[in-house]
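Colleague: Take a look at the following structure, please.
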Amino acid sequence: MRHRGRALVDAACALAAGATCLSDIEAMTAQEEIFGPGGGASDTTMLRVLDELAGRLRPDGLPGRRLARAAAAARAKAWADIAARHGQLPAVKVAGRDLTRPAARPAAAPGEAAGREPDERSRPVLVVRLDATLIEAASDKAQAAGTYKQGYGFHPLTAWCTNVGDSLAVMLRPGNAGSFTASDHIAVIDAAFGQIPAPWRTDVLVTIDGAGASHAIIDHLTALNTAAAHGRRGRRVEYSIGWPVDERTLGGIGELREQDWDVALDADGEPDPEAGVAELTGILREGPAGDRLAGWPGDLRIHVRRTPRPPGEQAELGEDADWKYGAFATNTAAGQVQWLDARHRTQAHVEDRVKRLKACGDRNLPSIDYGRNAAWLQLAALATSLTAWLRRLALDGDLANAGTKTLRFRLLSAPARLITHARRKIPKIPPGWAWAEDLANAWDRIQALHPA
C-alpha cells in the first residue's frame with residue numbers, strides 16, 4: 001500500500017522529468033535508486049490517487065482549503081530559501097530596470113530620533129500574471145467543449161508569479177469558457193493571493209492581457225488595495241489590465257493631438273520610434289463628452305499605444321487605416337506613460353510559463369472523468385513549480401532560465417548514477433558530460449537544503 005502523499009510527490013517529480021501519462025509515471029518511479037524502495041505506482045494505483053486528490057478540490061477545480069494550505073507551506077519554505085540564496089526574491093525587469101519599490105522604513109526605536117535618514121533598501125514588487133490557455137482533447141471527456149480557436153477540449157485559467165516562475169493557481173474549465181469571465185478571474189486571483197507567503201504579500205502587481213478589464217475584476221482588485229487606508233499595515237495591490245479599444249476609447253483617441261503622443265520604449269528601455277503612447281484619462285474624465293468613466297474607481301488610469309499598420313494589411317470596419325491601437329488600465333498613480341506601457345508589455349513572457357506547464361503534463365489529460373483531469377492539472381502545476389524552484393535554488397547562468405526540455409536533457413536525464421557511500425547519496429557523473437559541474441553544484445545545493 002503506497003502512502004498517498006508519496007504517490008503525489010512521485011507523480012509530480014515524474015511529470016517534471018518528462019512523464020506524459022500514467023504508464024510513464026509507473027515506469028519512471030520504478031527506479032528505486034531515485035524514488036526509493038517500493039517500486040512504481042501502477043495505473044490503477046495512480047487512478048485511485050487522482051480520485052482522492054480530486055476529492056480535495058473545490059467544485060471549480062481549484063484546491064480545497066487543506067490542500068491549498070499544504071501547497072502554501074511548501075511554497076513559503078521554497079521562497080524563503082530562494083531569498084536566502086539571492087538576498088531577496090528576483091525582481092521583474094521592466095525597460096531594462098528592476099521593478100522594485102523602496103522598503104518601508106522600520107519604526108523608530110525608543111529614544112531614536114524620528115527624523116532619521118530614510119531606508120535606502122528596496123524590495124521587488126511581486127508580479128502576479130493571469131492567462132488562459134487551451135488543452136486539446138482527442139476524444140470525448142467530461143466538460144470538454146469547442147474552443148474559440150475552433151478546436152475541442154478545455155480552457156484552463158492560470159496564475160503565475162513572474163518573479164519566481166512558479167504556478168500559483170490553475171483552474172480547469174470547459175473549452176467554451178470565456179477568456180474574460182470575471183467570476184473565474186476573481187476565484188483564481190483569490191487562490192493565487194492565498195499562495196503568496198505573507199512577507200511578500202504587501203506589494204503586488206496583478207497583470208491581465210487582452211481586453212480583460214471589467215467592473216467586477218477592477219472593483220475586486222481595488223478592494224484588495226488597502227495601502228491608502230491602512231498605511232504600512234495595509235496591502236498595496238496595483239493592476240495593469242488590457243482595456244477594450246471600443247467606441248469610447250476610439251473617441252478619446254480622436255481627441256488627442258499629435259504632440260500628445262510620446263515615443264514608446266522597448267524591452268531594454270530604448271526609444272522605439274515606430275510606436276507611440278499616450279494617456280487618455282483626462283480626456284475620458286473631463287473631455288467635451290463629459291465623464292466617460294463614470295462609475296469606475298477614481299484612481300483608474302487609461303493608457304493607449306499605437307503602432308503603424310503593416311503595409312498591405314487591410315483594416316477592419318471601424319478601425320484606423322494607418323494605425324493599430326491597444327489600451328490598458330492601471331491604478332498606479334506615479335510613473336511616466338512610457339514606463340507604464342513597458343511594464344504592461346513586459347508580462348508577455350507568461351507564454352513561456354504556459355509552455356513549461358504543457359511540458360509538465362498539461363498537454364494531455366489522462367481520463368474521461370473531470371475530477372481526475374482537474375487533479376492531473378494540479379499535479380502538472382506542482383511539477384512546473386518544482387522545476388521553477390530548482391532553477392532559482394540550485395542553478396546559475398543559462399540553466400537558471402532554461403526551458404523544460406533543455407533542463408531535462410542537460411540535468412534530469414544526464415548519464416549519471418546514484419550510489420550510496422557512508423549512508424550518503426552521491427551522483428557519479430561521467431567527466432565528459434558538458435554540464436557535469438552544473439549538475440554537481442545543483443546536487444550539493446539541494447543536499448545542503450535537505451541534508452537528510
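Colleague: Can you tell me which residue is nearest to TRP389 (Cα to Cα) among those in region 23-43 that are crowded, with 16+ Cβ neighbours inside 10 Å and of a type in the set (A, V, I, L, M, F, W, C)?
Modeller: Taking the candidates together, the pick is PHE35.
Colleague: Looking only at region 262-314, filter to residues that are among the aliphatic types (A, V, I, L, M) and assigned to a strand (DSSP E or B); which one of those is farthest from ALA228 (Cα to Cα)?
Modeller: ALA275
Colleague: In region 301-323, which residues are closer than 18 Å to ASP246 by Cβ and modelled with pLDDT under 95?
Modeller: If the condition is that a residue be closer than 18 Å to ASP246 by Cβ and modelled with pLDDT under 95, then ALA315, GLU316, LEU317, GLY318, GLU319, ASP320, TRP323 are the ones that fit.
Colleague: Given ASP43, ASP60, which one is charged (D, E, K, R), touching a residue at least 60 places away in the same chain (Cβ under 8 Å) and under 30 Å from ALA177 (Cβ atoms)?
Modeller: Result: ASP60 is the single residue among ASP43, ASP60 that is charged (D, E, K, R), touching a residue at least 60 places away in the same chain (Cβ under 8 Å) and under 30 Å from ALA177 (Cβ atoms).
Colleague: Can you confirm whether THR20 is surrounded by 20 or more Cβ atoms within 10 Å (Cβ to Cβ), under 19 Å from LEU412 (Cα atoms) and in the same structural domain as LEU390 (by TED's automatic domain parsing)?
Modeller: So THR20 fails the test.
Colleague: Hey, among ARG257, ARG305, ARG248, ARG232, which residue is buried (at least 17 other Cβ atoms within 10 Å of the Cβ) and of a type in the set (Lys, Arg)?
Modeller: After applying the criteria, what remains is ARG305.
Listed here are the residues, each with its yes/no results for (1) surrounded by 22 or more Cβ atoms within 10 Å (Cβ to Cβ); (2) among the polar types (S, T, N, Q); (3) touching a strand residue (DSSP E or B) at 6+ places or on another chain (Cβ under 9 Å); (4) without any contact (Cβ under 8 Å) to a residue 12 or more places away in the chain.
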position: THR332; (1), (2), (3), (4): no, yes, yes, no
position: TRP339; (1), (2), (3), (4): no, no, yes, no
position: LYS355; (1), (2), (3), (4): no, no, no, no
position: ALA381; (1), (2), (3), (4): yes, no, yes, no
position: LEU390; (1), (2), (3), (4): no, no, no, no
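Colleague: Same structure again: Among (1) surrounded by 14 or more Cβ atoms within 10 Å (Cβ to Cβ); (2) modelled with pLDDT of 90 or more, where does GLU270 come up short?
Modeller: (1)
Colleague: Please list, ordered by first then second residue, the pairs with beta carbon atoms under 7 Å, 6 or more apart or interchain, first in region 12-34 and at negative phi, second part of a helix (DSSP H, G or I) and surrounded by fewer than 15 Cβ atoms within 10 Å (Cβ to Cβ).
Modeller: Within 7 Å, the pairs are LEU22/ASP43; SER23/ASP43; GLU26/ASP43.
Colleague: So which residues in region 397-415 are assigned to a loop (DSSP other than H, G, I, E, B) and farther than 17 Å from ALA16 by Cβ?
Modeller: PRO415
Colleague: Let me ask something additional. When residues of region 427-442 are filtered for being in contact (Cβ under 8 Å) with a residue 24 or more places away in the chain, among the hydrophobic types (A, V, I, L, M, F, W, C) and part of a helix (DSSP H, G or I), how many remain?
Modeller: Summing the residues that are in contact (Cβ under 8 Å) with a residue 24 or more places away in the chain, among the hydrophobic types (A, V, I, L, M, F, W, C) and part of a helix (DSSP H, G or I) in region 427-442 gives 2.
Colleague: Determine, yes or no, whether GLY397 is over 17 Å from TRP160 (Cα atoms), among the small types (Gly, Ala, Ser) and in contact with a strand residue (DSSP E or B) (Cβ under 9 Å, 6 or more places away or on another chain).
Modeller: So GLY397 does not fit the description; no.
Colleague: Right, another one. Return the residue satisfying two criteria in turn: it lies in region 18-43 and is out of contact with any Asp or Glu (no Cβ under 9 Å at 6 or more places or on another chain), part of a helix (DSSP H, G or I) and within 19 Å of LEU407 (Cα to Cα), and of such residues it is modelled with the lowest pLDDT.
Modeller: My answer is ILE34.
Colleague: Just the residues that are touching a Phe, Trp or Tyr at 6+ places or on another chain (Cβ under 7 Å) and of a type in the set (Lys, Arg), please, taken from region 35-70.
Modeller: Once the filter is applied, which keeps residues that are touching a Phe, Trp or Tyr at 6+ places or on another chain (Cβ under 7 Å) and of a type in the set (Lys, Arg), region 35-70 yields nothing.
Colleague: OK, next. Between a residue in region 401-426 that is in the same structural domain as ALA19 (by TED's automatic domain parsing) and any residue that is modelled with pLDDT under 90 and in a helix (DSSP H, G or I), which pairs come within a Cβ distance under 6 Å, given they are 6 or more apart or on different chains?
Modeller: What qualifies is LEU418/GLU33.
The values are calculated or read from the model by the stated rules, or taken from the named source; none is laboratory data. Worth saying up front: this structure is predicted, and the values here are computed from it rather than measured. No Cβ is skipped: glycine too gets one built from the backbone with ideal geometry, and neighbour counts run over all protein chains shown.
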